[in-house]
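Below you'll find the structure, written out as structure tokens, and then a few comments.
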Amino acid sequence: MVKKILVANRGEIAVRILRTVREMELKSVAVYSDADRNALHVLSADEAVHLGAAEPAQSYLNIERILEAAKRTGADAIHPGYGFLSENPDFARAVTDAGLTFIGPSAEVMERLGDKTGARRLMAESGVPITPGMDAVSDDKAYLKAEAERIGFPVLVKATAGGGGKGMRVVHRQEELDEAVDLSQSEARAAFGNGGVYLEKYLERPRHVEIQILADGHGNAVHLFERECSIQRRHQKIIEETPSPALNAELRERMGAAAVRAVKAAGYVNAGTVEFLLDGNDFYFLEVNTRLQVEHPITEMVTGLDLVRRQIDIANGKALPFSQEDLRQSGHAIECRIYAEDASNGFMPSPGRLHLIRHPQGPGVRYDCGVRGGDEVPVNYDPILGKLIVHAETREAAIRRMIEALAECVVLGVRTSVEYLMDVLDSDAFRNGDTHTCFLEEHFADWIAGKDANSRAALAYALNERYGRPPSASMDNIADPESESPWRRLGNWDIYK
């Protein structure tokens, strides 16, 4: 049985994993780079080991140094979190070859599903619907042009390795194809070390709906329902919710069953996510994420399960303690990813020192955060600060609670995406559930920050220094909607330079 877990990651996901490790009364080890010497995840672990320079290749992507850290501290298991080495089969294999437990699927399964064209073939053989497209990579421009004509424009040039929207280009006309292929290959080669690309039919207004699964080593597999992830910028999710406003009971059952078939066909063990594109009542396999997802907390909120605990139990050889019939969804949950970035300037990263950060609180509010006031947001890593998650009885109540919670977020020192997220949530289209993967381009292409953002920032800081956090997490108890309360006047607490 696992007794000491090294978390091979940083930021909010490392802090979140360490929380469960502590609750399970297991020992923990953090690792860190030069940029993270005083980071929150370092202080959250029983021990911490320095890996190297801030550059990921010298720290969080350095397999040898991570294994050395595990050996030095006596860790007997490694949890990869998400990003970095989490879906790297060489890392998973190196961990097990070192006699340690890898908390995730096997290297063989990662290889089977990490190759998107191979995964498409496996899904088709298993009766899981796939989008029209190629089942093998090619760099032959003439062949790709012929395949594009066969599939029908628009097509998506897609990297066969990796994820996160990297190595993807939409092509609407034949004359755009060569350049799109070159750009996708270059980006994929830089991001994943693999420049292979293939073509799929591009669905113009689909929803992105994924199914969370758990599978143990005893042949049992279940789905934990869906997450709607259609609100994306540059193929990167920023708002997720569950249940999806598009699914009825029959469609949910069909998609869940397809996801379970998919992971069983792959021999999958541990937690994972099967992603689909939903077009009306038709859905198509997209990919399998062989790791814990950023948006896993909303599944936890509606099922009451701790997914990290389940990952550790499965890695320990335990069977799932429930069947599909035992699982239920309760209420509605929404997650917003809060980034240090300038949403009105192409979502450019906004690194710098966090002079002050204050988290929203209240019933049904959870904030997974990896930073504190005084921390530096480095340029070396993804600029996510944290994830705000809310839970309520209905979707309408969850949207209202999320907007109120975002209005309580205090961040001083860097620009954030908070105001942008509030406007998206408060839009009629989002409230009506009319979401799809081009939602932001369609509704928020010309978005700019409020003209009074700087004055509100100054007011927020002054009020925080004078009064602390607002007296309530909800504005519902203010009798007069037009109240001159300073908290009412403040609105969004998005404080920046």
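The values are calculated or read from the model by the stated rules, or taken from the named source; none is laboratory data. If you're wondering where the values come from, they're calculated on a predicted model, not measured in any experiment. When we count neighbours, we look across all protein chains shown, and the Cβ atoms used for this are built from the backbone with ideal geometry, even at glycine. Please note that ligands, DNA and RNA were not included when accessible areas were found on the heavy atoms of the full protein model with its side chains. Shrake-Rupley method; radii C 1.70, N 1.55, O 1.52, S 1.80 Å.
Ellipticity at 222 nm from helices only: DSSP H runs of n ≥ 4 in the chain, each -39500 (n - 2.57), divided by the residue count, give -10000 deg cm²/dmol. Listed by chain and number, the lysines whose alpha-carbon sits under 21 Å from that of residue 201, ignoring those within fewer than 8 places in the same chain, are 116, 141, 145, 158, 166, 237. At q = 0.10, 0.21 Å⁻¹ the log10 of I(q)/I(0) for region 1-143 amounts to -0.42, -1.17, computed by Debye summation with a single uniform scatterer per C-alpha, solvent ignored. Separation of region 187-213 and region 428-443, taken as the distance between their Cα centroids, equals 21 angstrom. Here the Karplus curve 6.51 cos²θ - 1.76 cosθ + 1.60, taken at θ = phi - 60°, turns the phi angles of region 124-131 into couplings of 4, 5, 8, x, 8, x, 10, 6 Hz, with x standing for Gly and Pro.
Computed over protein heavy atoms with a 1.4 angstrom probe, the accessible surface ordering of 125, 295, largest first, is 125, 295. Extension gain, residue 97 to residue 426: 0.36 nm times the residue separation minus the Cα-Cα distance gives 113.4 nm. The GluC sites (Glu not before Pro) of region 180-268 meeting both criteria, a DSSP state outside H, G, I, E and B (loop) and at most 15 other C-beta atoms within 10 angstrom of the site's C-beta, are 204. Simple rule: put +1 on each Lys or Arg Cβ and -1 on each Asp or Glu Cβ in the chain, find the dipole, and look at 126, 174, 114; the Cα lying farthest toward the positive end is 114. Legend: translational diffusion of region 124-165 by Stokes-Einstein, Rh = Kirkwood radius over C-alpha pairs, 25 °C, 0.890 mPa s; D = 206 µm²/s. Placing +1 on the Cβ of every Lys and Arg and -1 on the Cβ of every Asp and Glu, with no other charges, gives region 1-79 a dipole of roughly 180 debye about its Cα centre. When you filter the GluC sites (Glu not before Pro) in region 1-101 for DSSP loop state and at most 14 other Cβ atoms inside 10 Å of their Cβ, you are left with 25. Measuring nothing but alpha carbons in region 231-297 and taking Rh as the Kirkwood radius, the Rg to Rh ratio lands at 0.95. Solvent-accessible surface of the chain, averaged per residue with a 1.4 angstrom probe and all protein chains in place: 40 square angstrom.
Ranked by solvent-accessible area (1.4 Å probe, protein heavy atoms only, all chains present), the residues 313, 182, 368, 97 order from largest to smallest as 97, 182, 313, 368.
Rounded to the nearest 10 square angstrom, residue 101 shows an accessible area of 40 square angstrom against a 1.4 Å probe. Along the charge dipole of region 240-316, pointing to its positive end and built from +1/-1 on Cβ of Lys, Arg, Asp and Glu, which listed residue (307, 255, 284) has its Cα farthest out? My answer, from the dipole projection, is 307. I want to verify the translational diffusion coefficient of region 80-140 in µm²/s; compute it with Stokes-Einstein, Rh as the Kirkwood radius over Cα pairs, at 20 °C and 1.002 mPa s. Taking Rh from Cα pairs, D becomes 163 µm²/s. Paramagnetic label reach from residue 264 (point 7 Å along Cα→Cβ; backbone nitrogen cut-off under 12 Å): within region 290-324, residues 324. Surface composition of the chain: carbon and sulfur make up 47 percent of the accessible area, probe 1.4 Å. Taking a straight line from the alpha carbon of residue 3, these lysines sit under 18 Å away, with near neighbours fewer than eight places off in the same chain left out: 27, 71, 318. Apply 1/(1 + (r/R0)^6) to the Cβ-Cβ distance of residue 72 and residue 309, taking R0 = 22 Å, and write down the FRET efficiency to the nearest 0.05. With a Förster radius of 22 Å, E is 0.25. In angstrom, the C-alpha Rg and Dmax of region 259-418 are 18.2, 50. Under a model in which nothing but the beta-carbon of Lys, Arg (+1) and Asp, Glu (-1) is charged, the chain shows a dipole of about 1080 debye around its Cα centre. Once all protein chains are placed together, residue 168 keeps about 40 Å² accessible to a 1.4 angstrom probe.
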